[in-house]
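Please treat every number below as a calculation from the coordinates, not as lab data. Just so we're clear, the structure is a prediction, and the values are computed from it rather than from any experiment. Neighbour counts run over all protein chains shown; Cβ positions are idealised from the backbone, glycine included.
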Amino acid sequence: MPTAAKSALFQKLPSTDDLLQRPELSALSAQEGHTTVAESIRAVLARLRHEISSGHLNEKSLDVALAGLPAAIERQLRQSLRYSLRSVINATGVILHTNLGRAPLAAATLDHIRDTAAAYSNLEFDLATGERGKRDIHVDRLFQKLLAEDTQSAPAAISTIVVNNNAAAVLLALNSLAEGGEVIVSRGELVEIGGSFRIPDVMSKSQATLREVGTTNRTRVADYERAITDRTRLLLRVHRSNFAITGFTEQPALDELVALARRRNVPLVEDLGSGALFDLRSVGVTGEPGVLDSLCAGVDIVTYSGDKLLGGPQAGVISGRTDLVARMRSNSLFRALRVDKLTYAALEATLLAYVKHDHDAVPVLRMMRLTKDDISARAQALIKSVNQAAHLELQLLNGQSVIGGGAAPSAVLPTSLIALTHSGHSADELVALLRQADPPVIARVEEGRVLLDLRTVFPEQDAQVAAALNSIA
């Protein structure tokens, strides 16, 4: 388009002040505020200028756009005032999807959060004595029940404290127990967790010195023993939760490290990462150690996440020897990393489900326990409810779900997938259309097809998925 023609189109655009004087927009300003309406007008006009500059608008199409300006401005305003953080439908089959908020919370958990957040609470108040209390007692009592269920093998004295995530838990443990000294860890366990945070970096911030032993693929207990000096403060074992090393490998058994720690009087800390309080073998997941397994084996301190396999809110949990946990509780860093009443409420309600053995009340556990037949029946019903036009095809396929969240990287769960193809749209275009639904439906793309896995879709959301598909059809 010639420059003169574009200039003429630019001149047809009204000013922000002119638009604010229009009756419909003036009423909108009175309702929503002058500033927010003016910002929406500028955003819409900026889009029109970009379209003109790009040559996507001619005089006729610009006139149509100008006629619809009030409606476009109101849509822009509504969008700018809506929450940025929204609920979405997770149809990826990744149960602990880090980008989608990891573990969804149970209904009872939400009720407990609402009850304690909407009023005052006894967060740090002892109702029996009328004196100041400690906030961590609300969950420590439940952790003690859960970590002492096996009375024959459970440790005698276990305490638990909570910080804001597992990286913080590792940081607090290292700083409290090893500041100024050395921490021995295998080279094969110097992992990088989400967001490019690395174990060596966390250790550096803790003011402890990293002492690497062994090689990437092979480390023996003798490597740890040779590295112990009078500067050694801890032995650290890091669970490789987000990857697996196979082939020519070797790693000390946990009981070997426990025996060495006892013999040399050096505490053993294990960063479990995911921290299962549930027997994952019952759903076919093996090789993922549980918190109680480690404590019963003699590990002194275990750190783990609240929002992964535990199925609760984001939190870092530290369980272990009471005397060592007491040192962490007295560390001033603990106050900087502590969690608020909402996290305690969510964690307490989640733990109560475990105490009651009501595992299906915890969404991530319920999703893991779903069978392939359960998912297939729902998928077939959903396919029947979708109006499949000639250009839209839905197929039922065998597939696999994954745990996600850096947990059990080698474990898969058999599932049934809905494969979606469209003659008029590529897979990337289809998955983008699903993201534009209300609520957004998040799927995955493999081999040119959009795949939906209902394992991670709540049953009450099936109708919303069908509605999104029907809108595409």
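Figures for the structure shown
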{"read-out": "Coordinate range along principal axes, alpha carbons of the range 107-361, Å, largest first", "value": "55, 42, 39"}
{"read-out": "Relative exposure of Ser416, Ser87, judged by other C-beta atoms within 10 Å (fewest first)", "value": "Ser87, Ser416"}
{"read-out": "Span-like helix ranges in the chain, DSSP H, alpha carbon extent 20 angstrom or more, Kyte mean at least 0.5", "value": "341-355"}
{"read-out": "Cα-only radius of gyration and Dmax that characterise the range 330-473, units Å", "value": "19.0, 68"}
{"read-out": "Reach of Lys12 by Cα under 13 Å, taken over aspartates and glutamates that are not fewer than 8 positions away in the same chain", "value": "Glu59, Asp63"}
{"read-out": "Ratio Rg/Rh [Cα only; Rh per Kirkwood] for the chain", "value": "1.07"}
{"read-out": "Values of log10 I(q)/I(0), in the order q = 0.13 Å⁻¹, for the range 254-395 under a Debye, Cα-only, solvent-free model", "value": "-0.73"}
{"read-out": "Sorted by Cβ density within 10 Å, fewest first, the residues Thr371, Thr92, Thr232, Thr109", "value": "Thr371, Thr232, Thr92, Thr109"}
{"read-out": "Gyration tensor (Cα) of the range 3-81, equivalent ellipsoid semi-axes in angstrom", "value": "24, 12, 10"}
{"read-out": "Cβ-based charge dipole, the chain, positive-most Cα from Val185, Thr16, Thr129", "value": "Val185"}
{"read-out": "Within the chain: Cβ-based charge dipole about Cα centre, in debye rounded to nearest 20 (Lys, Arg +1; Asp, Glu -1)", "value": "580 debye"}
{"read-out": "Cα centroid separation - the range 85-113 against the range 269-289, whole Å", "value": "20 Å"}
{"read-out": "Alpha-carbon centroids, the range 402-473 and the range 296-311: separation in whole Å", "value": "32 Å"}
{"read-out": "Solvent-free Debye scattering, log10 I(q)/I(0), computed from the Cα coordinates of the range 67-172 at q = 0.11, 0.22, 0.24 Å⁻¹", "value": "-0.68, -1.29, -1.29"}
{"read-out": "Separation in nanometres of the label points that stand 7 Å from Cα toward Cβ, at Thr421 and Glu32", "value": "4.3 nm"}
{"read-out": "Positive-end residue, the range 107-361 charge dipole about Cα centroid, Cβ charges, pick of Ala349, Ile161, Ala276", "value": "Ile161"}
{"read-out": "Extreme residue, positive dipole direction of the chain, given options Ile52, Gly287, Leu147 (C-beta unit charges)", "value": "Ile52"}
{"read-out": "Theoretical ellipticity at 222 nm over the chain - DSSP helices of four or more residues, -39500 (n - 2.57) apiece, nearest 500", "value": "-12500 deg cm²/dmol"}
{"read-out": "Point-charge dipole on Cβ atoms (K/R +1, D/E -1) for the range 14-118, about Cα centre, debye to 20", "value": "360 debye"}
{"read-out": "Ranked list, fewest to most other Cβ atoms within 10 Å of each Cβ, for Ile41, Ile228", "value": "Ile228, Ile41"}
{"read-out": "Across Lys134/Lys341; Lys134/Lys308; Lys145/Lys356; Lys205/Lys308, pairs whose alpha-carbon gap is larger than 19 Å", "value": "Lys134/Lys308; Lys205/Lys308"}
{"read-out": "Dipole magnitude of the range 107-361 about its Cα centre (Cβ charges: Lys, Arg +1; Asp, Glu -1), debye to nearest 20", "value": "620 debye"}
{"read-out": "FRET efficiency for Leu66 and Ala473, using Cβ-Cβ distance with R0 set to 25 Å, rounded to 0.05", "value": "0.15"}
